[in-house]
Amino acid sequence: MPLGKTYSAAHWIDGDFSDDGVMVAAVAPSTGADIGKVATGGRPQAEAAIAAAAYAFETSEWTQNLRLRAAMLFAAADRMEARAPELALLLAIETGKPIRAARGEIAGTISETRYYAGLVRTVAGRMIEVEPGVYSLLAREPAGLPGSSSHGTRLASCSFARWHRRWRRVAPW
């Protein structure tokens, strides 16, 4: 399953891509082939991203314009869906998982993104049961740094639900 091209993943901080000049190889575990480059990051990148997110949250219409936030998430889901075969192939090669599992993960990511896009337009402060025994409280606060802490050299998108559970365990606030 050749990719046909290599990928590059940089940090997205304050509206700009940045790799700070430090890129490491993303390697396919099954073949050892170089499939792309990934920006490394540490405390300075995390602090810059947190500061940019807090500033955007406090000074833009993002916090109050629920339609804008929902539209952005729906657009992200549409873009992932348009590239789903490519994303699934990249995920399978990068992680060594079967292509069928990778397709399912990408489909789940798209579904979760649309689900949370719909929830954005609900009233904040409402507690809901998202699945048996799992509860979610909608609150208007920054959601953290999606993509800032991924495992290994993962380039593909993670499910929002799994990311959120991980983020809640490691977020400093």
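Each reported figure results from applying straightforward, stated rules to the coordinates on display, with no laboratory input. Just so it is clear, the structure is predicted and the values come from calculations on it, not from any experiment. Positions of Cβ are backbone-derived with ideal geometry, glycine not excepted, and every protein chain shown enters the neighbour counts.
Phi angles across the range 91-106 convert, under the Karplus curve 6.51 cos²θ - 1.76 cosθ + 1.60 with θ = phi - 60°, into 3J(HN,Hα) values of 4, 4, 5, 5, 9, x, 7, x, 4, 4, 5, 5, 4, x, 5, 5 Hz, Gly and Pro given as x.
Were the residues from Ala51 through Leu3 laid out at 0.36 nm apart, the gain over their Cα-Cα distance would be 13.7 nm. Relative to the Cα centre, the charge distribution of the range 46-127, modelled as +1 at Lys and Arg Cβ and -1 at Asp and Glu Cβ, gives a dipole magnitude of about 360 debye.
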